[in-house]
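Q: Have a look at the structure that comes next, please.
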Amino acid sequence: MSVKTVFLIAAAALPLTLTGCGSMESLGSEQDIIASATQSCQKLDAKSQITTRYDSRMRVIRQGLPEVVNGQTLNYKVYQTKDMNAFAMPNGCVRVYSALLDRLNNDEVRAVLGHEIGHVALRHSVQQYRTNNGVALGMSAANAIGSVLGLGGTGSELLERVTYSAISAQYSQRLETEADNYSVDLLLHEKNGRQKALAMASALRKISTEGQGSTMLQKMFGDHPDTAERIKNVEDRVKASGVR
Ligand SMILES: [Zn+2]
């Protein structure tokens with residue numbers, strides 16, 4: 001969920017996004033990226049405290065959401081942690097942090113899941129690694145997150161990067177908005193579609209205001225300045241749909 005981002009890294013990466021293409025080949029094919037995501041997901045699971053406490057609630061929330069996107073079967077787990085976060089990887093690994101489930105209601109969690117599914121469905125990770133922005137993040141950023149999570153020393157730049165991108169939700173504003181729109185459009189088609197889709201906006205509001213606690217991840221990732229714009233985009237999209 002990229003309400004959060006690393007300002008310094010993002011700022012440092014910016015000038016490089018304007019330079020020409022190159023060195024993309026070393027980043028691997030979509031298949032490589034998916035394989036790295038699978039490895040990364042396993043490592044994160046091993047490092048995390050997985051809880052089954054929310055499983056029945058998660059089943060209710062997920063009902064009717066897509067189960068296979070971009071050829072990948074989605075698999076969910078909940079991490080017991082004080083951070084408010086959720087992420088999805090291109091192999092269909094979706095992880096939700098327990099604090100998010102504690103703070104958000106079912107409609108809001110559903111909207112967040114729709115957003116995460118959107119990242120997978122729209123192949124955002126693959127796009128991200130193929131942009132200069134992805135290249136510019138470099139190993140220092142990947143190492144930073146790697147050491148926070150105790151993932152350092154894997155020896156695979158792609159693996160580090162896949163992990164880093166997922167956890168830090170280091171997507172561009174454009175990709176974030178695309179994922180928001182994917183979720184909103186999905187929810188608008190449901191019963192009580194307007195209310196369900198607007199839950200995306202209230203989820204964003206809660207995450208940006210309440211998600212700034214004292215844990216290491218929260219200190220690293222502040223509130224994203226573009227959140228207000230994303231909330232407005234969601235509300236405008238719901239309004240324009242005419243769904244009541
Ligand atoms: Zn996102």
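Q: Out of all the residues in segment 41-66, which are in a helix (DSSP H, G or I), out of contact with any strand residue (DSSP E or B) (no Cβ under 8 Å at 6 or more places or on another chain) and surrounded by 14 or more Cβ atoms within 10 Å (Cβ to Cβ)?
A: Scanning segment 41-66 gives 43, 61.
Q: Turning to a different aspect of this structure: From the set of residues in segment 175-191 that are more than 15 Å from the ligand (Cβ to nearest atom) and either within 17 Å of residue 232 (Cβ to Cβ) or in a helix (DSSP H, G or I) (or both), which is most open to solvent (accessible area, probe 1.4 Å)?
A: So, considering only residues that are more than 15 Å from the ligand (Cβ to nearest atom) and either within 17 Å of residue 232 (Cβ to Cβ) or in a helix (DSSP H, G or I) (or both), the one most open to solvent (accessible area, probe 1.4 Å) is 185.
Q: For a quick check of your reading of the model, give me the residue pairs whose first member lies in segment 94-123 and is within 18 Å of residue 45 (Cβ to Cβ), whose second is more than 14 Å from the ligand (Cβ to nearest atom) and of a type in the set (Gly, Ala, Ser), with beta-carbon atoms closer than 7 Å and at least 6 apart or on different chains.
A: What qualifies is 120/92.
Q: Does residue 172 satisfy the condition of being more than 24 Å from residue 243 (Cα to Cα), within 13 Å of the chain's Cα centre (by Cα), within 16 Å of the ligand (Cβ to nearest atom) and modelled with pLDDT of 70 or more?
A: So residue 172 passes the test.
Q: In segment 192-204, how many are at pLDDT below 95 and open to solvent by 10 Å² or more (accessible area, probe 1.4 Å)?
A: 0
Q: On the given criteria, is residue 12 surrounded by 14 or more Cβ atoms within 10 Å (Cβ to Cβ), modelled with pLDDT under 70, in a helix (DSSP H, G or I) and away from the ligand (no atom under 16 Å from the Cβ)?
A: Yes; evaluated as a whole, the condition is true for this residue.
The values are calculated or read from the model by the stated rules, or taken from the named source; none is laboratory data. The shown structure was predicted, so the numbers you read here are calculated from the model rather than taken from an experiment. Virtual Cβ from ideal backbone geometry, glycine too; neighbours counted across all protein chains shown. Keep in mind that these areas ignore ligands, DNA and RNA; they rest on the heavy atoms of the full protein, side chains included. Shrake-Rupley method; radii C 1.70, N 1.55, O 1.52, S 1.80 Å.
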